[in-house]
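Structure record follows, encoded as structure tokens.
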Amino acid sequence: MNKSLKITDILALGFMTFAFFLGAGNIIFPPQAGLSAGENMLPAMFGFLSTAVGLPLIGIIAVAVAGGGWQGLTRDLPPKVATLMAVLIFIIIGPAFAAPRTGLVAYEMAVKPFIADAGQASLTVFSVIFFAVALFFAWSRGKLIDMIGKFLTPALFAVLVVLAIAVFVNPQGEILAAQGDYADMAFTKGFLEGYNTMDTFAALMFGMLIVDVIRKKGVTDEKATCTYLIYAGVIAAAGLAFVYISLFYLGATSSAVAAGADNGGAILAVYVQALFGPVGQMILSTIVLLACLTTAIGLISACSDYFSSLTKLSYEKWAVILAVVCAVIANVGLNQLIALSIPVLFALYPVAVALVALTFVRKWMPNPRAAYRIVLLVSFIFSLIDAAKFMGFDMSALNVLPLFDFGMAWVLPTFAALVISRFVGGEAEQQNVQTA
């Protein structure tokens with residue numbers, strides 16, 4: 001018998017989705033962007049919201065439109081290519097970058113300030129404890145909606161609301177002139193900064209995990225499952241937008257207290273200290289620990305679920321393996337991890353965006369198989385140009401490409417490939433169908 005979810009269950013599902021998304025990058029990047037954007041805060045914030053809220057929400061909806069899984073999203077690609085894409089994305093959002101980053105940010109911002117002689121040993125001990133706790137929650141994936149959506153996230157959101165109110169009531173400085181790229185291309189710079197959250201990748205993968213959670217609640221009807229998935233995405237997007245707007249404003253008004261701060265975590269720490277005094281660090285630690293822990297749980301769960309479907313190892317065994325790997329990689333250090341992840345994001349993020357776009361226009365494509373291959377290949381080739389430029393390679397010979405200077409050389413070629421695919425390939429597809 002197909003069950004329907006109660007309002008409280010839908011809200012809990014939305015809170016759980018919000019908690020999965022709200023992790024390390026979501027906390028440390030907006031304050032830095034707000035400080036640098038200064039008087040251009042609004043266009044920079046809208047750019048950031050486009051990639052850090054808009055794209056993840058569209059990604060969740062794309063998963064729903066495709067039927068709730070990766071196979072639906074990639075049904076027009078060769079199976080090996082689809083699997084390779086999924087594995088790469090799961091590695092990025094899982095053990096290679098995003099998951100270890102949750103532990104690192106939690107340590108740097110929530111625990112390290114309380115340790116007098118913080119060093120490698122303390123980071124190692126914390127990493128083991130942090131990912132052991134994440135493993136404990138991820139182990140019982142059928143109860144994720146209850147443990148996270150009904151308990152951990154409401155506590156996190158309540159603390160974030162207190163911080164947001166304090167920031168808007170008592171800003172800690174004047175909004176200054178924009179700095180660097182934010183002075184000339186605030187929207188574009190904010191748009192690119194939104195990549196760092198990795199949430200478009202996460203949306204494609206969390207979508208499958210959320211569908212699994214919904215079905216474990218007894219919902220078997222596909223249409224109802226997709227509807228609940230979209231509800232969860234909308235609730236999560238609203239929560240993320242609220243957090244980003246308040247953190248952007250925090251950064252933009254931090255000039256008096258955050259002079260010399262070199263990252264968003266430091267800005268947030270001194271700002272909260274200025275607002276709440278000694279108790280400020282406790283508030284910040286609570287926010288960061290809960291945000292990073294819930295995201296780590298979601299990432300380990302999503303990765304374990306997918307990798308167990310590819311191998312003979314069980315979900316539980318994969319969860320243990322991934323938790324151990326994350327604990328080890330977390331000891332690399334935050335700055336090094338971020339530096340390593342950015343070129344990979346430049347290379348693969350456009351492919352994820354193109355995949356989402358194709359999902360919505362697929363029914364209008366005369367030859368979906370050809371369209372998926374052409375559009376994704378074009379987006380990947382041109383995204384490599386942006387990645388290479390970021391890594392310091394001389395790509396000046398290609399500066400004739402539109403948006404090259406903005407790090408978005410992939411946009412117009414991908415759009416052109418999408419348009420061309422709409423009008424090419426129909427006859428070939430018909431012939432293939434008749435031959436079959």
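With an a/c value of 1.5 or above and a/b not larger than b/c for the gyration tensor axes a ≥ b ≥ c computed over the alpha-carbon atoms, the chain is described as oblate. Contact order, relative form, for the chain: 31 percent (alpha carbon pairs under 8 Å, 6 or more residues apart, mean separation divided by residue count).
Assuming 0.36 nm per residue, please report the length gained on full extension of the stretch Arg422 to Ile91 beyond their Cα-Cα distance.
Details: separation 331, 0.36 × 331 = 119.16 nm, distance 3.24 nm.
That pair, Arg422 and Ile91, stretches by 115.9 nm at full extension.
Placing Arg101, Arg369, Arg362 in order of accessible area, with the largest value first and a 1.4 Å probe, yields Arg369, Arg362, Arg101. Counting charges near Ile28 (Lys, Arg +1; Asp, Glu -1) among other residues having Cβ under 13 Å from its Cβ returns a value of -2.
Carbon-plus-sulfur fraction of the accessible area of the chain, 1.4 Å probe, in percent? Please list the in-between numbers first.
On the way: 12160 of 18090 Å².
Within the chain, the accessible surface is 67 percent carbon and sulfur.
Remark: spin-label model distance Leu310-Val169 equals 5.0 nm, labels positioned 7 Å along the Cα→Cβ axis.
Order 122-130, 350-358 from most to least packed using the mean count of other Cβ atoms within 10 Å.
Result, highest mean Cβ count within 10 Å first: 350-358, 122-130.
Reachable aspartates and glutamates from Lys3, Cα under 15 Å, same-chain residues fewer than 8 places away excluded? Candidates past the 8-residue exclusion: Asp212, Asp221, Glu222.
Taking packing as the residue-averaged number of other Cβ atoms within 10 angstrom, the listed peptides 306-318, 261-273, 381-393, 48-60 run from highest to lowest as 48-60, 261-273, 381-393, 306-318. Entry note, the range 30-116: relative contact order of 10 percent, from Cα contacts under 8 Å with a spacing of 6+ residues.
Determine the per residue accessible area of the range 177-239 with all protein chains present and a 1.4 angstrom probe, expressed in square angstrom. Walk me through the numbers before you get to the answer.
On the way: 2220 Å² over 63 residues.
Accessible surface, normalised per residue, equals 35 Å².
Entry note, the range 327-407: relative contact order of 34 percent, from Cα contacts under 8 Å with a spacing of 6+ residues.
The distance from the alpha carbon centre of the range 11-62 to that of the range 151-187 is 12 Å, rounded to a whole number.
What whole-number value in Å² describes the accessible area per residue of the range 273-428 for a 1.4 Å probe?
Per residue, the range 273-428 has 45 Å² of solvent-accessible surface.
Here's the list of lysines a cross-link from Lys317 could span, going by alpha-carbon distance under 27 Å and ignoring same-chain residues fewer than 8 apart: Lys80, Lys143, Lys150, Lys216, Lys217.
The values are calculated or read from the model by the stated rules, or taken from the named source; none is laboratory data. If you're wondering where the values come from, they're calculated on a predicted model, not measured in any experiment. No Cβ is skipped: glycine too gets one built from the backbone with ideal geometry, and neighbour counts run over all protein chains shown. Heads up: the accessible areas ignore ligands, DNA and RNA and are worked out on the full protein's heavy atoms, side chains in. Shrake-Rupley method; radii C 1.70, N 1.55, O 1.52, S 1.80 Å.
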